[in-house]
Structure formats: structure tokens, C-alpha cells
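What follows is calculated from the coordinates using simple rules that are stated; it is not laboratory data. Because the structure is a prediction, the values reported are computed rather than measured. Every residue, glycine as well, gets a Cβ built from its backbone with ideal geometry; the counts of neighbours run over all protein chains shown.
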Amino acid sequence: MRQNRWIALIIVILICLSGCVNKEKAINRRARILEEEANLALKTQNYTLAEQKMKEILELKPDLEHIRNNLAVLLAEYLNQPEEAVEIWSNLLKEKPHNAAYMNNIASIYLRKQEYDKALEYYKQAAENNASYHMPYFNMTHIYLAKNELEKADEVSLKGYELAVNDTNMLQLRTQVLLINSKFNEAIDLLQKNLKVGTPSPFIYLELIRIMIGKNELTEAQSLLADASTKFPENDLFKAEQTELNILNNDFSEQTETILSQIDTTGKMNLQPWITDLYRARKLISENKNQEAMDLLTSLSGKIAPQYPYFEGVRLIALARLYQTQGNKEQVTDLFNQAFRLCPERGHLSADPS
């Protein structure tokens, strides 16, 4: 009898264990399905549904780190719920107090709120906890630029670039910092070095072309542009740069008009119609129709796509030139200062030919 009871007990235990295992398998299977549904919702930009699916996963498996982190990113980047995102990352940091990525993410929330000191505190902690992680230096550079602490921006951008020499965004930021600090030769050397290594990006060509324009070395700029246009024939930014060069060479011919008409015909790059209006304004200036040009340039305020700050800088330079003819020195200085931050490639703006 006693032996039978033991056998029965063992059977009950095995059944319970089997049930637990099966339940865990079912939970895991359901979590995987929900994660697939969340990923699909993200791909279709249905962010509210993605949030719902991620929260359902966490009801089943509340300790899944990657889902918690993904939810925080979703809340911060797409659902305008930064406080909730910070709470999630803060809880994750309690479990992993040396995770530099979570520190960096929290700092980025404070950066967007322009709480620079708080953001710097977290970025510095992130850098200390992961000496090979370049993102804190990338983001600290933006803060120091916003605070106009240019020497510190130079220092941290160099450190970030040294940690991520193959990162195009880091290269772009490092270049901008050098230009803002008027270290034009260093910027040129950096870009030319990267031009010779691996597959150069359109950005490297664009920056070199624009710097040469700023130095009024238009022949060198044209040579670089010809090379870039051959390598990247579908990139309409090089067509836009060609019209810039033609303008600076006082070439308002039919050929220039033809190039202009070929820019962004699909509208995907968001270059039209403002790129055409920017050209027309400079053509009016060449015809001494200054008031018409000023009216057109003024009407473009806020219309140039925000992903193209360089061209907004070009607009401000053209306006500054017009105000110069009126002797409005205070307005000229203010416009040049604004333009310099937007297109430091143009170098010594007082000598800018446009």
C-alpha cells in the first residue's frame, strides 16, 4: 500500500511538472506571436497597436528586457510619452546599473527637453560605463554646440569620431564642428582621408564641394562635382549643387534651367519648389531686381525642408547681401551669424561670392 501511495505521488508530481512545462511553452509561444504582431505593426507605422502588443507580452513575461526597452523606444520616439519611457529605462538601470545604452537613452529625453545639464550628467555616466560607446560623445557634441561651448564640442566630437571612424553620422558631426571652429584645413584633410578609404558616401563629396565653394575655389568644386555626379547619378542634391555653382559663375543659361527642371521630379527628396525659388531669387539679384529678390527670399522663410539646413543658410546669405546694399549692418551681421551655423562650409562669409 505504502509503495502504491509513493507511486501515485510521483505520478501526480510528474503530471504537475508536465503541466507547468506545457503552460510555459504556451506562454512562450503566445509571446512570440505577439512579438511578430508588434513588429508588423511597427512596419506599418501602427504605433498604438505595437504598444498594445508589447504590453500584452509583458503581461505574460514581465521580465523580458528587450521588449521593455523596445516599448520605451516606441513611447519616446513615436508616441510622445517621454516620461513613461524614462520610467522604463530607469527601472532597467536598477537591474543593470552599468548599461550605457539606457543611460544614453534617458539623456536623450532630457536633451530634447533642452535640459542640457541633466542630459550631460547621464551622457557622462554612459561614457564612463562603456569606454568604446561613441553615442554619448555624439550627443554631448550637440549639447555643447547648443550651449556655444565650441572647444568642448571639438574635444568630445574628436573622441566620438575616434571611437567610430566608420560611422557616417559621427564623421558628419565631426566635420561640422571643425568648420564651426574655423578649422577648414582639418575638415578638408579629414574628408579627403575618408574619400580615399572604402566606398565614399555622397555626404563626403557634398561637404568637400561646399567647402571649396566657401573658399571660392570653384574649379576644384566643379571637378569634385563631376566625379560625384558620375558615382551618384540618381542623387539630385548634386544637381542642386550644380545650379549653385552655375549661379556663382553667373551662369543663368538655359542649360542651368534644364538642370533645375530635372531636380526631384518625383518629390521624394522634398527639394521642390523651394530650390527653384532660391535659384530664381539669385537670378533676380543678377538682374538688379533687388526688391523682387528680397520679397522672394523672405517668402521662403520656413519653406525650405528642415533636412537641408545648408540651403537655408544659402538663403540667409543672399538676404544678407541684399541688406548690405541698404547699409543695414546690424541685420547683415545677424543674418551672417545665423547662416554660419547652418552652412559653416561657406567659410568666411564676408568673402562669400554669392
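Taking 0.36 nm per intervening residue step and subtracting the Cα-Cα distance, what contour gain separates Glu128 from Asp189 on full extension?
Length gained between Glu128 and Asp189: 19.0 nm.
Hey, got the dipole for region 178-246? About the Cα centre, +1 on K and R Cβ, -1 on D and E Cβ, debye to the nearest 20?
Dipole size: approximately 160 debye.
Which is farthest toward the positive dipole end of the chain among Asn148, Asn91, Cys343, measuring Cα position about the Cα centre, with Cβ charges +1 (Lys, Arg) and -1 (Asp, Glu)?
Result: Asn91, furthest along the dipole toward the positive end.
Which net charge results for the neighbourhood of Leu42, defined as the other residues with beta-carbon distances under 12 angstrom from its beta-carbon, given Lys and Arg at +1 and Asp and Glu at -1?
For residues surrounding Leu42, the net value is -3.
For Phe238, what is the net charge nearby, where nearby means another residue's Cβ is under 11 Å from its Cβ and Lys, Arg count +1, Asp, Glu -1?
Around Phe238, the surrounding residues sum to -3.
I'd like to know which of Ile27, Asn181, Leu49 lies farthest towards the positive end of the charge dipole of the chain, counting +1 on Cβ of Lys and Arg and -1 on Cβ of Asp and Glu.
Sorting the options by dipole projection puts first Ile27.
Within straight cross-link reach of Lys61, meaning Cα distance under 24 Å, which lysines are found once same-chain residues fewer than 8 apart are removed?
Hits, sequence-local ones excluded: Lys23, Lys25, Lys43, Lys53, Lys94, Lys96.
Among the lysines, select those whose C-alpha is under 29 Å from the C-alpha of Lys239, and discard any that sit fewer than 8 residues away in the same chain.
Leaving aside lysines fewer than 8 places away in the same chain, those within reach of Lys239 are Lys183, Lys193, Lys196, Lys215, Lys231, Lys268, Lys283, Lys289, Lys303.
Mind listing the phi-derived Karplus ³J(HN,Hα) values for region 240-253, rounded to whole Hz, using 6.51, -1.76 and 1.60 with θ = phi - 60°, and x for any glycine or proline?
3J(HN,Hα) across region 240-253, in whole Hz: 4, 5, 5, 5, 4, 4, 4, 4, 5, 8, 6, 9, 10, 7.
If you take every residue apart from Lys94 with its C-beta less than 15 Å away from the C-beta of Lys94, what net charge results, scoring Lys and Arg +1 and Asp and Glu -1?
Once all neighbours under 15 Å are counted, the net charge is -2.
Pop the C-beta distance of Arg30 and His98 into the FRET formula with R0 = 35 Å and round what comes out to the nearest 0.05.
According to the calculation, E is roughly 0.60.
With r as the distance between the Cβ atoms of Lys196 and Lys289 and R0 = 45 Å, compute the FRET efficiency 1/(1 + (r/R0)^6) and round to 0.05.
Using R0 = 45 Å, I get an efficiency of 0.50.
Quick one: putting +1 on the C-beta of Lys and Arg, -1 on the C-beta of Asp and Glu, what dipole do you get for region 30-138 around its Cα centre, in Debye to the nearest 20?
The dipole magnitude comes to about 160 debye.
How big is the charge dipole of the chain about its Cα centre, in debye rounded to the nearest 20, if each Lys and Arg gets +1 on its Cβ and each Asp and Glu gets -1 on its Cβ?
Dipole size: approximately 1380 debye.
Just checking my list [x] 1.12; [y] 1.07; [z] 1.37 against Cα Rg over 2.2 N^0.38 Å computed from this structure; which label fits?
Computed from the coordinates, Cα Rg over 2.2 N^0.38 Å corresponds to [z].
Which residue, Ser286, Gln331, Trp274, has the largest displacement toward the positive end of the dipole of the chain when charges sit on each Cβ (Lys, Arg +1; Asp, Glu -1)?
Trp274
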